[in-house]
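To start, the structure under review is shown below, and the notes come after it.
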Amino acid sequence: MGKGVRVVWVAALAGAGFVPAIAHAQLNDPKPGQGAPQPSLPAQATAPADPQATTPIVPDAAFDAALPKLSDDINAPLEPLGGFQKPAAPAAAASKPAAQTVQPSATVPAQAAEQGFAPAGAEAPEMAAPLPPLADFKVAPVADTADDSEKAPAIRYTTRVSGLEELRLDGQFRQLSALQHGKGKAANAAMVSARGREDEKLALRLMKSLGYYDATAALSITQDPPNSGSVQATIVASPGRLYRLGTIRIESDPTVPPGLLDRELNLNPGDPIQANRVLAAEANVSLRMPQQGYPFIELGQRDIVLDDATHTGDYTLPVTLGPRASFGQIQTAGNRQVFTPDHIDIFRRYREGAIYDSRKVDDLRQALIATGLFSTVSVEPQRTGRPGPDGTEQVDLLVRQVAGKARTLAGELGYSTGQGIKLQASWAHRNLFPPEGALTISSILGTQEQALTTTFRRSNAGRRDRTFLVTASLNHQDYDAFEAFTSTLSARISRDSTPIWQKRWTYYYGAELVGSNEDRYNYNSGKRDRGTWLIAAIPTFLGYDTSDDLLNPTRGYRIKGNLSAETSVRGQARPYARMMLEVDGYYPVTSNIVIAGRARAGSINGISRDDLPPSRRYYGGGGGSVRGFGYQELGPRSPDDKPVGGRSFNEFGIEARYRFGNYGIVPFLDAGQVYEGTTPTGRNLRFGAGIGGRLYTNFGPLRIDVATPIARKKNESKIALYISIGQAF
């Protein structure tokens, strides 16, 4: 039996090429005479007596000498392979044909040849060349010119979401969904799965934002229909129980009056823990507290501890209140300052010592911006440490200002039937006479009007929003109704609206001196003649505006009234009064449709029509009046079939302003008439209808209107075209 084991081991180890293992097998057998039990063989299997049967195959001394010397240190490095000798081929291999032998080359070490390694080939020249510098490598990615839409395989998928409809989150989910943004197409199913996992997280975030912190969402992807190559991604959302606020605690110093923080936070136990509501409540604190004397308030990080047993959350908000403040002085800073603190004092709408209110600070900043003289301007509260009234600390306002470009060059081009082409250009220096003393030179070049005007304007003259204006102009007008050469000198004090600073109440009053040489139809002589009039006037205006935009209103109304006491002198003085009232309204029907309406009427009392200079009479028709008719085309006409104007008029207009993006379509209907008498009776109204286009820009809408008169009469315009900036009213 022991000999059999040795045979097996010899065969196995010899096949592996390790001849010393034979001796190792011998050492593992018990030696006779050492007390090891010897198994007895069956009688039929007993081998014949052999004197060499007990002789070892390899003597122990020879076996020990053949073993390599090993170190006793188990951590020592392995012995080099070069010290080993190639084992002799087994005797059994002698009978086999000899294998082809590869002769080693002269460059191969003899030792490698002895160990049976194949000779190495000649070294490639590139291996000996130096490496190229890193800077020479091209790191730009190779452009992929493949057309993914044609070559890349794609699968179609549909998306189904359940569980969010009851929470009214389905619309918001679809707006943010990765699956929805993929538009039902993906390169492979793995991409659909990745998008679905993102939507799982999205559904969880949306539900938790409403207070469902135990919410779950599960994604499943199935073929739909089976074996079709199309898949359906299904997300099932389960909100779970709603969490509500438990205790609410604000960590802060006491306020004046007490409980101010609690009132402005406005969170109550039992309210759902909704992210939008909590964030809005904290934002309200940040907004409202500076309006009530605390400009330096800082909100810390909120802490909400959820209890899954009661489904409540205890809310804690740390607040650094800062000092309660009152208004101090104005300070300025900046390399290119426009205003001194004394002039800035004109803009403020608070008194020193009043409780700090951030709304007053915002109002001051907006008023400074409205001057148009700054490149940048800011207003910041600054702590001073000075005690103020009622235990407050005085806070100065630091105005950081950088002057902007004070010169402006502007132009406007328009066209309308009856007025022809009109080009207006102006140059202005808005701070030529500091502070806020502007000089403007403007001109009009048109087919039927030419003018040159010089204007001095002092804004915020001694009081905020008060403007002092002096104007000198030369003007030539040549229309069917009259031709006039006019010079004007006027002065007025006004409160005006601007696109930046639209005001509810506006007004002006002043004085005007006009000299005009004009032609007219003389009914006494039955022909046209020319005359010169000297006109003195005291014009006044009052307006009330609740609209939401100066150039493109969409809601609200406007009321405007003019009254001018005048005297016309041609041979003798004839005093009279010019009056006009206008009401405009704007009503939004939908988010992109606005109904706009206008009614306007005027009257001149105290003078006959023929004694009035033609340029001071009322006329109707044109882009700013009744569209569809030429400029000044409505009203009484002279025997030579030219408009003569009147002493009263009325006008009405209605528009449906439909806007889509930056474009708009406006169908409209206008009506009006001019009367010889002083009362606008409303009889014989003429109507014009048309449609317009709008291009909305950041400085107002560009307007193109095309209209035609209804029941057109002889010599009236068939089609009227108007191009200008701004709405008709």
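Readers should treat all values here as calculations from the given coordinates under stated rules, not as data from a laboratory. What you see is a predicted model; the values in this text were computed from it and never measured. Methodologically, a virtual Cβ is constructed for each residue, glycine included, from the backbone with ideal geometry; neighbour enumeration extends over all protein chains shown.
Between region 600-638 and region 478-547, what's the alpha-carbon centroid distance in Å?
Centre-to-centre distance over Cα atoms comes out at 13 Å.
Around Glu483, which amide H atoms from residues at least 5 apart in sequence, or from another chain, sit under 5 Å from its own amide H, with H modelled in the peptide plane?
Hits under the 5 Å cutoff: Asp519.
For Arg407 and Lys201, compute 0.36 nm times the residue count separating them, minus their Cα-Cα distance, and round to one decimal in nm.
So the chain would gain 68.6 nm between Arg407 and Lys201.
Need one number: nm distance between label points at Asp362 and Arg555, each 7 Å from Cα along Cα→Cβ, rounded to one decimal.
Result: 1.7 nm between the two label points.
Just order 517-526, 347-356, 672-681 by mean Cβ neighbour count inside 10 Å, highest at the front, would you? Walk me through the numbers on the way to the answer.
On the way: 517-526: 14.4, 347-356: 16.3, 672-681: 18.7.
Order by mean packing, descending: 672-681, 347-356, 517-526.
My understanding is that a pair violates if its Cα-Cα distance is over 20 Å; which of Lys503/Lys560; Lys422/Lys560; Lys422/Lys527; Lys642/Lys718; Lys642/Lys714 do that in this structure? Kindly include the intermediate steps, with their values, before the conclusion.
Details: Lys503/Lys560 13 Å; Lys422/Lys560 26 Å; Lys422/Lys527 30 Å; Lys642/Lys718 17 Å; Lys642/Lys714 13 Å.
Where the Cα-Cα span goes over 20 Å, the pairs concerned are Lys422/Lys560; Lys422/Lys527.
Suppose the chain between Ala189 and Glu251 were pulled fully straight at 0.36 nm per residue; how much longer would it get relative to their current alpha carbon spacing? The partial results should precede the final answer.
Values: separation 62, 0.36 × 62 = 22.32 nm, distance 5.20 nm.
Extra length from Ala189 to Glu251 when fully extended: 17.1 nm.
Report the net charge of residues surrounding Ala656, where surrounding means a beta-carbon distance below 14 angstrom and charges are Lys +1, Arg +1, Asp -1, Glu -1. Mind showing how you got there, number by number?
Numbers: positive: Arg598, Arg657, Arg659, Arg694; negative: Glu655, Asp670, Asp705.
Taking every other residue near Ala656 into account, the sum is +1.
I need two numbers for region 154-238: Rg to one decimal and Dmax as a whole number, Cα atoms only, in Å.
Rg, Dmax (Cα atoms, Å): 12.7, 41.
Apply the a/c threshold of 1.5 to the C-alpha gyration tensor of region 407-725 and tell me whether it is rounded, prolate or oblate.
Values: a/c = 1.56, a/b = 1.06, b/c = 1.47.
It comes out oblate by the Cα gyration axes.
At a 10 angstrom cut-off on C-beta neighbours, averaged per residue, how do the peptides 428-434, 323-329, 363-369 rank from highest to lowest?
Result, highest mean Cβ count within 10 Å first: 323-329, 363-369, 428-434.
Which of rounded, prolate or oblate describes region 244-320 when judged by the alpha-carbon gyration tensor and an a/c cut-off of 1.5? Before the final figure, lay out the partial values.
Numbers: a/c = 2.23, a/b = 2.02, b/c = 1.10.
Prolate, since a/c reaches 1.5 and a/b exceeds b/c.
How big is the Kirkwood radius of region 535-592, worked out from every pair of different alpha carbons and given in Å to one decimal?
Values: mean 1/r = 0.0723 Å⁻¹.
Averaging 1/r across every pair of different Cα atoms and inverting gives 13.8 Å.
Step through the residues of region 425-433 one at a time and calculate ³J(HN,Hα) from phi using the Karplus curve (6.51 cos²θ - 1.76 cosθ + 1.60, θ = phi - 60°), rounding each to whole Hz and writing x for Gly and Pro.
Listing the rounded values in order: 9, 8, 10, 9, 10, 7, 9, 5, 10 Hz.
Give, in nm to one decimal, the length gained when the segment between Gln382 and Ser487 is fully stretched (0.36 nm per residue of separation minus the Cα-Cα distance). Mind dumping the intermediate values first?
On the way: separation 105, 0.36 × 105 = 37.80 nm, distance 5.31 nm.
Separation in residues times 0.36 nm, less the Cα-Cα distance, equals 32.5 nm.
Show me, bin by bin at 5 Å from 0, the whole-percent P(r) of region 325-403 based on Cα pairs.
Bin by bin from 0 Å, the calculated values are 3, 16, 28, 25, 15, 8, 3, 1.
Let me know the shape class of region 616-664, please: from the alpha-carbon gyration tensor, a ≥ b ≥ c as square roots of the eigenvalues, rounded when a/c is under 1.5, otherwise prolate if a/b is greater than b/c, or oblate. Write down the numbers at each step before the final one.
Details: a/c = 4.02, a/b = 2.72, b/c = 1.48.
Prolate shape, in that a/c is at least 1.5 and a/b is the bigger ratio.
Cβ under 14 Å from Ile493's Cβ, Ile493 left aside: what net charge do those residues give with Lys, Arg +1 and Asp, Glu -1? Present the calculation step by step, with values, prior to reporting the outcome.
Details: positive: Arg457, Arg458, Arg463, Arg464, Arg466, Arg492, Arg495; negative: Asp465, Asp496, Glu512.
Computed value for this residue: +4.
Report the net charge of residues surrounding Ile535, where surrounding means a beta-carbon distance below 13 angstrom and charges are Lys +1, Arg +1, Asp -1, Glu -1. Each step should come with its number before you reach the end.
Values: positive: Arg570, Arg574, Arg578, Arg616, Arg617; negative: Glu512, Glu518, Glu566, Asp611.
Taking every other residue near Ile535 into account, the sum is +1.
About the Cα centre of region 453-590, how large is the charge dipole given +1 on each Lys and Arg Cβ and -1 on each Asp and Glu Cβ? Please answer in debye to the nearest 20.
On the way: 19 positive and 15 negative charges, 114 e Å.
Charge dipole of region 453-590: 540 debye, to the nearest 20.
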